[in-house]
Amino acid sequence: MDIAGIGIDLGGTKCAGALFDSSGKILSRHHAQVAGSGGTEVGEKIAALAQKLLEEGDSNNFTVKGICVSVPGIAYQSTGKVWAPNIPGWEEYPLRPELGKLIGREIPVHIDSDRACSILGEVWAGSAAGCDNAVFLAVGTGIGAGILSGGKIIRGSMGIAGAIGWMALDSEFKTGYEKFGSFEYNASGNGLVRVAGDLLGQKKISSAILTEKNLEARTIFEAYERHDPLAVAVIGNAVIYWGKAVANLVSIFDPEVIIFGGGIFGPGVLLLDSIYREAKRWAQPVSIKKVKLLPSALGADAALFGAGKLSMDPGK
């Protein structure tokens, strides 16, 4: 029988699951809505998704080696508990023990952060294929980084490594940084909206396109493409922060590639050259000349692929 694994990617509103073969091909995939759900109900939906995929693996004569769930937060490897701020009741939810009971068969269950899973997905089947040293910089509602060094994921003592939204990129501490960190405050999806709102409120820069009622990361990028002065200022500010963050990651980890992905960075791909120029001002000069900044090849599926890889090869 052929080997397969099950990857599940939990988000704030939906959960995606897929059955993978050992080469990284998706054999089957399903989704479940989790918006408005919390606590045990979300665990039950994940278990139901896993059971459906297990049954499909059985019916197609695959030996499923394991299940891995990617979570948007912290995965405590020693206990199997998770902290996911967007899921009500998941401050210390015992995900791995619960899934072990709910799935109803003896099969290894693994959990990891969406940061770790995203970089592994890109190494397995995306823009970091063949790399042993790579970073996935996820720019979405918040900001995080999956870090691969020497072929191993860096998770830290508590699974929090890669929470780079708190990377200190300013010399002055401002109100709001205690909640998000200076990087996330200025350059996440919500950060773009926050900075634009601040500038509108201060009436320093006018806009014929953006108002307080239509401020979204998407509308800011659209206005930027139309050379709107407010959007140009907001994106220009973000490029500085993204560039500084790249410089720090390059200087600390010396990666082969840094991959930009996440929910809001699609149109930001056109800014990679500008981000690189800013990073080059700050970074270790030898390392920055060798690193490549690339867009995610897997898009919204990066963490799903990484979970699939970890389901079969949890030693990463």
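The values are calculated or read from the model by the stated rules, or taken from the named source; none is laboratory data. All values reported here derive from a predicted model rather than from experimental measurement. For neighbour counting, all protein chains shown are included, and Cβ atoms are generated from backbone atoms with ideal geometry for every residue, glycine included. With ligands, DNA and RNA removed, areas are computed over all heavy atoms of the protein, side chains included. Shrake-Rupley method; radii C 1.70, N 1.55, O 1.52, S 1.80 Å.
Contact annotation: residue pairs with Cβ atoms under 7 Å, 6 or more positions apart or on different chains, pairing a residue in region 297-316 that is open to solvent by 20 Å² or more (accessible area, probe 1.4 Å) with a partner that is modelled with pLDDT of 95 or more and β-branched (Val, Ile, Thr), are Lys316/Ile153. Selection over region 191-206 of residues that are in contact with a helix residue (DSSP H, G or I) (Cβ under 8 Å, 6 or more places away or on another chain) and either at pLDDT 90 or above or of a type in the set (Asp, Glu) (or both) gives a count of 9.
Just checking, how many residues over region 147-160 are within 15 Å of the chain's Cα centre (by Cα) and either surrounded by fewer than 19 Cβ atoms within 10 Å (Cβ to Cβ) or hydroxyl-bearing (Ser, Thr, Tyr) (or both)?
Narrowing region 147-160 to residues within 15 Å of the chain's Cα centre (by Cα): 147-148, 153-155, 159-160.
Filter again for either surrounded by fewer than 19 Cβ atoms within 10 Å (Cβ to Cβ) or hydroxyl-bearing (Ser, Thr, Tyr) (or both), leaving 154, 160.
Going through region 147-160 one residue at a time, the tally reaches 2.
Please report, ordered by residue number, the helices (runs of 4 or more DSSP H) entirely within region 175-274 with at least 3 residues that are open to solvent by less than 50 Å² (accessible area, probe 1.4 Å) and of a type outside the set (D, E, K, R). Full working, then the answer.
Numbers: elements: 177-180, 182-187, 189-202, 217-225, 229-253.
Where helices (runs of 4 or more DSSP H) fall fully within region 175-274 and carry at least 3 residues being open to solvent by less than 50 Å² (accessible area, probe 1.4 Å) and of a type outside the set (D, E, K, R), they are 182-187, 189-202, 217-225, 229-253.
From the list Leu27, Leu19, the one residue that fits, being open to solvent by 20 Å² or more (accessible area, probe 1.4 Å), at pLDDT 95 or above, farther than 23 Å from Trp90 by Cβ and assigned to a strand (DSSP E or B), is Leu27. Annotation: of all residues in region 73-93 being closer than 10 Å to Asp112 by Cα, crowded, with 19+ Cβ neighbours inside 10 Å and of a type in the set (Gly, Ala, Ser), the one that is farthest from the chain's Cα centre (by Cα) is Ala75.
Within the bounds of region 102-112, is there any residue that is of a type outside the set (D, E, K, R) and without any contact (Cβ under 8 Å) to a residue 40 or more places away in the chain? There is no residue in region 102-112 that is of a type outside the set (D, E, K, R) and without any contact (Cβ under 8 Å) to a residue 40 or more places away in the chain.
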